[in-house]
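J.: Have a look at the structure that comes next, please.
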């Protein structure tokens, strides 16, 4: 029996000074020359051991590209055009092919959105575990299968399911299998890219609860990527909001919920109708995210920002010409907006 | 209620053959089972449920994309299936419009927005030919695509997802329908765009006095737009009633489960979340007598496995299929279960 009931308040942010992963001024381009699209433009983000960090944003904002850069699985035409990706202080760009292969799955593993496509349909689940483990360490087939069974039990699936083919498993079970695989080599960071988007709400909650339990038990860090901010507010310790290739706000979940500062964050919060309380007409955010091949000058959110008005000439000039930088306004709360922190 | 309903489903059922039919081993999937409800003018009715619960099947039955196995659809009081005359079928098709999930797939990529809107106006002779252009611009304005002259020129690939969905809505409105069926119209859109479409639905309902069926898995959006809610589980409507009543004071344990699973920052740490076993909301093959939620339900009593619960009005306007929270008088007498108020 899996309990869906959860006490969901995010556990206190673990105060760990050391940094597990750090992105410094990460820039990722797709294509080059006149057809270049800068999908990620100067992202700074740190993840500490045992921490659940949420990365939220709309489609095309670059959140998945950040994940792929962390995993070092960007393929042409995508390439890292600037900045660094540090894992325990070591720059991943300097690793050779073999070292990178060890980095993936052992240090950082990844759970993708559609588990249906991530599993090989003609291989039994157990054999896929065996393949993965034997690619990374010397282990006998039999031992690997035993461990696969243990891992399945860890995520609440009967160990006999090692003999099942993917089509014999439900969507939720396949996603659990992928999560079990991601945990197989005890990585320090698990990246989850929209892991529950294709699933129903009830299954989604079961899986999130399980990830939370496992994370507490095993102590790995999670980078959780989603468009669903309301989900992150419950699940993550800390949240970074991405817009058009940049992080525009970052704060502990409780702070972000109580005191969002960036107009985009505030707009996102106002985009989810509440399940309780009064039903007021919500405004959402006018307009649409920009084309990254030709992003707006100045603040990239300015064409949609309710506080960007020509009447306010001095501010308007800065908003439309000068790119705001992320500034720390309170401990752990960083915002990139001309409206806050600079006396404006 | 029957008298004022524009569109009514009466005991609507749809079964699909399952498994190996050739070998005679397959059963029948009861995708929709004895579904009854009414759509009234100026009202948004939300049909909520998880994937496989049968909500899209119901939408398609109403749109006449499927032929029901049993039961009927009444349009303005008349049985739709009884009238096969081409004129009547066409009238139904124009009066009951559907908006789909995917705004990318439902527009022709080589035609302008103007073409998409002018075509139904001409085919159904909605306005005289010389007024088609003005009407196209009016429609664009209504769905918030301004300036309309500019949008009329555009091709689908030049529009964002939200704009495309607005064009699809404008096209559905072109023929001045009485009923609009929207199947997950916002689920493929970005979060910041969704609320705009929901607001548009609210406005159109009021302006055009539309009978609106909003099919969704998103309870919060259902609460935001809907007047009435229907909750589907495994092919059956398990609860129905006024939206606020159903979503704030649910009767059926499945409605409670759905509500408790929705991420809602406002209720973080709320102990109300109930404990329910996992399982699937999908329609089942040849379901046995008894409640279909029984395997997951924390409230189960003896009668649940013996008798399929019927929709019982336990509170004014609010009905549920549950022997415990909405027992029929007969069941209450036999089991001495008192309804939960």
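To keep it simple, each residue is scored yes or no on (1) farther than 18 Å from residue B:93 by Cα; (2) outside the structural domain of residue B:57 (by TED's automatic domain parsing).
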{"site": "B:120", "(1), (2)": "no, yes"}
{"site": "B:125", "(1), (2)": "no, yes"}
{"site": "B:137", "(1), (2)": "yes, yes"}
{"site": "B:141", "(1), (2)": "yes, yes"}
{"site": "B:147", "(1), (2)": "yes, yes"}
{"site": "B:167", "(1), (2)": "yes, no"}
{"site": "B:179", "(1), (2)": "no, no"}
{"site": "B:192", "(1), (2)": "yes, no"}
{"site": "B:200", "(1), (2)": "yes, no"}
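J.: Looking at this structure, is residue B:173 touching a strand residue (DSSP E or B) at 6+ places or on another chain (Cβ under 8 Å), in contact (Cβ under 8 Å) with a residue 60 or more places away in the chain and crowded, with 19+ Cβ neighbours inside 10 Å?
T.: Yes.
J.: Among the candidates B:159, B:219, B:145, single out the residue that is under 16 Å from the mean Cα position of the chain (by Cα) and either on the phi < 0 side of the Ramachandran plot or surrounded by 22 or more Cβ atoms within 10 Å (Cβ to Cβ) (or both).
T.: Only one candidate qualifies: B:219.
J.: A follow-up question, please. In region A:249-256, is there at least one residue being part of a helix (DSSP H, G or I), under 25 Å from residue A:26 (Cα atoms) and modelled with pLDDT of 90 or more?
T.: Scanning region A:249-256, I find at least one residue that is part of a helix (DSSP H, G or I), under 25 Å from residue A:26 (Cα atoms) and modelled with pLDDT of 90 or more, so the answer is yes.
J.: So, one more: Would you mind finding the one in B:254, B:214 that is surrounded by 24 or more Cβ atoms within 10 Å (Cβ to Cβ) and either in a helix (DSSP H, G or I) or within 12 Å of chain A (Cβ to nearest Cβ) (or both)?
T.: Criteria check complete, one pass: B:254.
J.: Helices (runs of 4 or more DSSP H) wholly in region A:55-127 with at least 2 residues that are surrounded by fewer than 17 Cβ atoms within 10 Å (Cβ to Cβ) and without any contact (Cβ under 8 Å) to a residue 60 or more places away in the chain - which ones?
T.: Output list reads A:97-102.
J.: From the list A:297, A:283, A:317, which one is within 14 Å of another protein chain (Cβ to nearest Cβ) and either assigned to a loop (DSSP other than H, G, I, E, B) or at negative phi (or both)? Before the answer, list the steps.
T.: Values: A:297 fails: within 14 Å of another protein chain (Cβ to nearest Cβ); A:317 fails: within 14 Å of another protein chain (Cβ to nearest Cβ).
On inspection, the qualifying residue turns out to be A:283.
J.: Of the residues A:199, A:218, A:208, which single one is under 24 Å from residue A:128 (Cα atoms) and more than 10 Å from chain B (Cβ to nearest Cβ)?
T.: Of the residues listed, the single one that is under 24 Å from residue A:128 (Cα atoms) and more than 10 Å from chain B (Cβ to nearest Cβ) is A:218.
The values are calculated or read from the model by the stated rules, or taken from the named source; none is laboratory data. Everything quoted here is computed from the prediction, not taken from an experiment. All Cβ positions, glycine included, derive from the backbone under ideal geometry; neighbour counts span all protein chains shown.
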